[in-house]
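Chemist: One structure, pasted below without further comment.
Here, each number is a calculation from the coordinates, and none is a lab measurement. Computed from a prediction, not measured in an experiment: that's the story for all the values here. Quick reminder, even Gly has a Cβ in these numbers, built from the backbone with ideal geometry, and neighbours come from all protein chains shown.
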Amino acid sequence: MSQKIRIIENEFSGKIAVVTGAGAGIGESIAERLYAGGASVALLGRRISPLHEVCNRIDPTGRGTFPIEVDVRDSQSVQWAMRSIIERFGKIDIAVNNAGITGPANTPVQELDIEIWRDVIETDLSGVFYCMKYEIPAMLENGTGAIVNMSSANGLVGLAGMAAYTAAKHGIIGLTRSAALELADSNIRVCAVAPGYVATPRIMDSGKEVTDWMAAAHPMKRLATREEVADFVAYLLSERAAFVTGSVHSIDGGYTAQ
């Protein structure tokens with residue numbers, strides 16, 4: 001199901017991009033896509049070694065990428081990371097707030113451990129807020145910017161047994177819309193992307209029974225590729241989407257149309 005990333009040459013030339021959760025999965029592909037399009041990319045994640053691996057693969061020279069170990073649950077850690085990016089590259093132009101965890105599946109609300117609830121909400125929702133809190137001032141300084149927040153198809157519909165994840169992904173959409181309205185006259189756009197199930201290495205390692213079930217949940221009867229999601233995010237960050245803000249974009253093979 002691998003698919004080649006489609007590149008518009010130099011589309012992001014001179015741009016400084018931030019991608020959280022960039023050490024694997026969708027975040028890795030987004031970072032690769034933006035770098036291939038000409039951006040310098042700060043790759044943020046909870047563990048530094050996967051970030052180094054991605055940077056070494058896509059940018060052997062190390063001049064156009066910057067791996068940063070950060071815990072998006074910690075506002076001070078996020079603030080430090082954004083300051084470090086500005087010190088290294090001078091500005092922040094575009095950002096993809098992608099870091100997230102799912103928490104346990106098949107767990108009813110009344111059985112969900114409070115600490116797990118807090119961890120999912122802090123990572124998936126508060127983490128996006130903390131990143132935006134420190135990305136937006138840098139963009140206001142530039143007089144321009146674009147942010148994509150990664151929600152989920154399950155941020156648009158309910159999902160039994162995963163209340164924390166579903167609540168967080170719904171919350172991202174509300175946060176995105178509020179910020180978009182606040183920034184609409186400042187030349188800063190904010191959108192959300194809501195993927196269905198994506199063929200990341202972690203998902204594919206879950207076994208054929210699971211991936212077949214996930215594929216069957218989509219009317220198109222397959223999973224999205226990481227490259228498809230990355231290309232869609234790149235479009236929203238680009239000047240091709242200059243009149244797009246405050247909107248939520250499904251890339252889910254018809255999942256939420258059912």
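Chemist: When ranked by the protection proxy of mean other Cβ atoms within 10 Å per residue, highest first, what sequence do the peptides 199-208, 185-194, 81-90, 27-36 form?
Modeler: Sorting 199-208, 185-194, 81-90, 27-36 by mean packing, highest first, produces 27-36, 185-194, 81-90, 199-208.
Chemist: Between S178 and Q76, what length comes free when the chain is fully extended (0.36 nm per residue of separation minus the Cα-Cα distance, one decimal in nm)?
Modeler: Once the chain is fully extended between S178 and Q76, it gains 34.4 nm.
Chemist: Based only on Cα atoms, what Rg/Rh ratio does region 84-242 have, Rh being taken as Kirkwood's radius?
Modeler: Across region 84-242, the Cα-based Rg/Rh ratio is 1.00.
Chemist: With contacts defined as alpha carbon pairs under 8 Å and 6 or more residues apart, what's the relative contact order of region 64-155 in percent?
Modeler: Averaging sequence separation for qualifying contacts and normalising by length gives 42 percent for region 64-155.
Chemist: Further question: Contact order normalised by length for region 181-258, with contacts defined as Cα pairs under 8 Å and 6 or more residues apart; what percent is it?
Modeler: About 48 percent, as a whole number.
Chemist: Related question: Cα centroid distance between region 215-258 and region 156-192, in Å?
Modeler: 15 Å
Chemist: Which of these, L181, L223, L236, has the largest mean-square fluctuation under a Gaussian network model of the chain (Cα springs below 10 Å)?
Modeler: Maximum fluctuation in the GNM of the chain, among the listed residues, is at L181.
Chemist: If you rank V18, V78, V157 by fewest surrounding Cβ atoms within 10 Å, what's the result?
Modeler: V157, V78, V18
Chemist: Turning to a different aspect of this structure: So what is the relative contact order for the chain, in percent, with contacts set as C-alpha pairs under 8 Å and at least six apart?
Modeler: Worked out over the chain, it gives 20 percent.
Chemist: Still on this model: Given +1 on the Cβ of Lys and Arg, -1 on the Cβ of Asp and Glu, and no further charges, what dipole in debye does region 116-258 carry about its Cα centre, rounded to the nearest 20?
Modeler: 240 debye
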